[in-house]
1. Among the residues of the range 124-142, write down those that are over 17 Å from S112 (Cβ atoms) and either touching an Asp or Glu at 6+ places or on another chain (Cβ under 8 Å) or not small (G, A, S) (or both).
2. List every residue pair whose Cβ atoms lie under 9 Å apart, where the two residues are 6 or more positions apart in sequence or sit on different chains, the first residue falls within the range 105-120 and is free of Cβ contacts under 8 Å to residues at least 60 places away in the same chain and among the basic types (K, R), and the second residue, located anywhere, is part of a helix (DSSP H, G or I) and surrounded by 21 or more Cβ atoms within 10 Å (Cβ to Cβ).
3. Of these, Q96, Q101, Q62, which one is under 19 Å from T140 (Cα atoms) and not basic (K, R)?
4. Let me confirm something: among A155, A103, A110, A171, which residue is part of a helix (DSSP H, G or I), more than 24 Å from A41 (Cα to Cα) and either modelled with pLDDT of 90 or more or in contact with a Leu (Cβ under 7 Å, 6 or more places away or on another chain) (or both)?
5. D88 fails exactly one of the following numbered conditions: (1) more than 26 Å from G156 (Cβ to Cβ); (2) assigned to a loop (DSSP other than H, G, I, E, B). What is the number of that condition?
6. Testing K28 on (1) at pLDDT below 95; (2) out of contact with any Asp or Glu (no Cβ under 8 Å at 6 or more places or on another chain), one condition comes back false. Which one is that?
7. Somewhere in the range 154-164, is a residue more than 21 Å from N27 (Cβ to Cβ) and among the acidic types (D, E)?
8. Kindly evaluate E157 against the criterion of being touching a helix residue (DSSP H, G or I) at 6+ places or on another chain (Cβ under 8 Å), more than 30 Å from V61 (Cβ to Cβ) and either of a type outside the set (A, V, I, L, M) or surrounded by fewer than 19 Cβ atoms within 10 Å (Cβ to Cβ) (or both).
Amino acid sequence: MKKGIIAIIVLIVLAVLIGSWYVSTNNKLVDMKGQATKQWANVESSYQRRSDLIGNLVKTVQGAADFERTTLSEVIEARAKATSTTIDANNITPEQMAQFQEAQAGLSSALSRLLVTVERYPDLKANQNFLELQSQLEGTENRINVERNRFNDLAGEYNIKIQQIPTNIVASLANFDPMALFTSKPGAENAPDVNFEFN
């Protein structure tokens, strides 16, 4: 009789310990994924700020009557594509991330071409609004890089945690999937930087 009671108590204690571990681990994973998801919102906010600044830059450049319309059209189209490409922060897949990065790279490329074209317009280069927007864009590009790196750090830690033993058991049972990270495109290491300073 006593052995039966001891066995039941041991089973209850084990169940409580396992249950507590499961809840604690699950909560840790929820917190880690939540932090990465929150950081993704900061990434999107930085990209939105860039998009808003580019819209203002385009309006300023449009004031130059003879400015190349093709270049402006490319920037406007790339901006529209970049702002329409969104990601569900709770389900960031590699495919979504690649599509998002491609749209943003297209906008960066169009912006770079626009800024190079401005070189031929001395009045525009001297325009105070244009110079201020350039400065803000440079700061925003830096902010985007910082926010992307922070996202990669948080999502990377989460991805490692869900693969570690025994946490991977909870991750599998509770459907915690890996989060896609920002990666550079092949050949990106050779891409020229956007130059915001003009002589």
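The values are calculated or read from the model by the stated rules, or taken from the named source; none is laboratory data. On a predicted model such as this, the values are computed, not experimentally measured, just so you know. Methodologically, a virtual Cβ is constructed for each residue, glycine included, from the backbone with ideal geometry; neighbour enumeration extends over all protein chains shown.
1. Answer for the range 124-142, where residues must be over 17 Å from S112 (Cβ atoms) and either touching an Asp or Glu at 6+ places or on another chain (Cβ under 8 Å) or not small (G, A, S) (or both): N127, Q128, N129, L131, E132.
2. R113/V75
3. One residue alone meets the criteria, Q101.
4. Selected residue: A110, the only one of A155, A103, A110, A171 that is part of a helix (DSSP H, G or I), more than 24 Å from A41 (Cα to Cα) and either modelled with pLDDT of 90 or more or in contact with a Leu (Cβ under 7 Å, 6 or more places away or on another chain) (or both).
5. D88 satisfies all of (1) more than 26 Å from G156 (Cβ to Cβ); (2) assigned to a loop (DSSP other than H, G, I, E, B) except (1).
6. (1)
7. Looking for residues that are more than 21 Å from N27 (Cβ to Cβ) and among the acidic types (D, E), one finds none in the range 154-164, hence no.
8. Working: touching a helix residue (DSSP H, G or I) at 6+ places or on another chain (Cβ under 8 Å): yes; more than 30 Å from V61 (Cβ to Cβ): yes; either of a type outside the set (A, V, I, L, M) or surrounded by fewer than 19 Cβ atoms within 10 Å (Cβ to Cβ) (or both): yes.
Considered against the rule, which asks whether it is touching a helix residue (DSSP H, G or I) at 6+ places or on another chain (Cβ under 8 Å), more than 30 Å from V61 (Cβ to Cβ) and either of a type outside the set (A, V, I, L, M) or surrounded by fewer than 19 Cβ atoms within 10 Å (Cβ to Cβ) (or both), E157 comes out as yes.
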